[in-house]
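Reading through the structure tokens given below for one structure.
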Amino acid sequence: MPTADILNPAVDPAAADRALSDASATQRVAWALAQFGGSVVLSTSFGAQSAVMLHLATRIAPDIPVIFVDTGYLFPETYRFADDLTKRLRINLKVYRSAESAAWIEARHGKLWEKGAEGLASYNQIVKVEPMQRALTELGARAWMAGLRRTQSSTRENLSVFSTQEGRTKILPIVEWTDRDVHRYLTENDLPYHPLWEQGYVSIGDVHTTRPLSADMSPEETRFFGIKRECGLHDPAANI
């Protein structure tokens, strides 16, 4: 789909970022829906604090398509968490997967996640990036909302509320929220953290590339063996 067909020409992400810099997360979600209507989607990993964005978005737009990329290697707790939240919040869930099954990927390529930065990049491209790109195209997304926050890692500390990624408007309604803000919202709305949160998992992805936080590591080192933080979904340049 050509960029001109994706991007709303009436939306200037930089101007929107300035105009809504002091707006609430709810106001930002409402703005995105007013601008893009049925062509705005939300992505989720059903990670540690994913219930926040899922609740924020679906209470305003119950039918918003929610993209979930299933790598085939997620924790059992993640799949159960996804089922529970989908039922509770009545999420319009759109699950996308690699064209190759997990077993087929290993048969063809081996355990790519054990092959350093290059292997991780190939792995992420197959099981995460390609399915997400396919989802955005098939769902006709002109705008993409996500729950990234600046305090999550050094790679995210300069994120804006609004930006453009590969021709689509990217909206991060809770980008400036702290862990305290997240905890307050979850508590006030009786929403759960991911079940592994209490076991020390602060960022939750695949079973083979996720570790609980220990005293001798930073939160960023709990993913991808500390080799990298981003998988390429939200920062395409990072998946190289």
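In segment 13-68, how many residues are of a type in the set (D, E, K, R) and at pLDDT below 90?
3
Can you confirm whether Leu191 is surrounded by 14 or more Cβ atoms within 10 Å (Cβ to Cβ), more than 21 Å from Ala121 (Cα to Cα), out of contact with any strand residue (DSSP E or B) (no Cβ under 7 Å at 6 or more places or on another chain) and modelled with pLDDT of 95 or more?
yes
Starting from segment 76-90, keep only residues that are under 18 Å from Val207 (Cβ atoms), then list their pairs with residues that are among the aliphatic types (A, V, I, L, M) whose Cβ atoms are within a distance under 7 Å, requiring at least 6 positions of separation or different chains.
Correct list of pairs: Glu77/Leu196; Thr78/Ile204.
Residue pairs, Cβ under 7 Å, 6 or more apart or interchain, first in segment 117-129 and within 13 Å of Gly72 (Cβ to Cβ), second in a helix (DSSP H, G or I) and of a type outside the set (Val, Ile, Thr). List them.
So the pair list comes out as Tyr123/Leu112; Tyr123/Trp113.
One residue is enough: does segment 57-66 have a residue meeting the conditions touching a residue at least 40 places away in the same chain (Cβ under 8 Å), part of a helix (DSSP H, G or I) and closer than 14 Å to Met145 by Cα?
Yes.
Got a sec? Which of Arg97, Arg88, Arg134, Arg80 is at negative phi, surrounded by fewer than 19 Cβ atoms within 10 Å (Cβ to Cβ) and touching a helix residue (DSSP H, G or I) at 6+ places or on another chain (Cβ under 8 Å)?
When all the criteria are applied, what remains is Arg97.
Out of (1) in a loop (DSSP other than H, G, I, E, B); (2) over 14 Å from the mean Cα position of the chain (by Cα); (3) of a type in the set (Gly, Ala, Ser), what's the single condition that is false for Gly47?
Only one criterion is unmet by Gly47, namely (2).
Let's see how each residue does on (1) under 23 Å from Trp31 (Cβ atoms); (2) part of a helix (DSSP H, G or I); (3) among the aliphatic types (A, V, I, L, M):
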position	(1), (2), (3)
Trp113	no, yes, no
Lys128	no, yes, no
Ala141	yes, no, yes
Ser160	yes, no, no
Val175	yes, no, yes
Ile204	no, no, yes
His208	no, no, no
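Given (1) within 14 Å of the chain's Cα centre (by Cα); (2) polar (S, T, N, Q); (3) more than 20 Å from Thr78 (Cα to Cα), identify the lone condition not met by Thr178.
The number of the failed condition is (1).
The values are calculated or read from the model by the stated rules, or taken from the named source; none is laboratory data. As the structure is a prediction and not an experimental result, all values here were calculated from the model. Quick reminder, even Gly has a Cβ in these numbers, built from the backbone with ideal geometry, and neighbours come from all protein chains shown.
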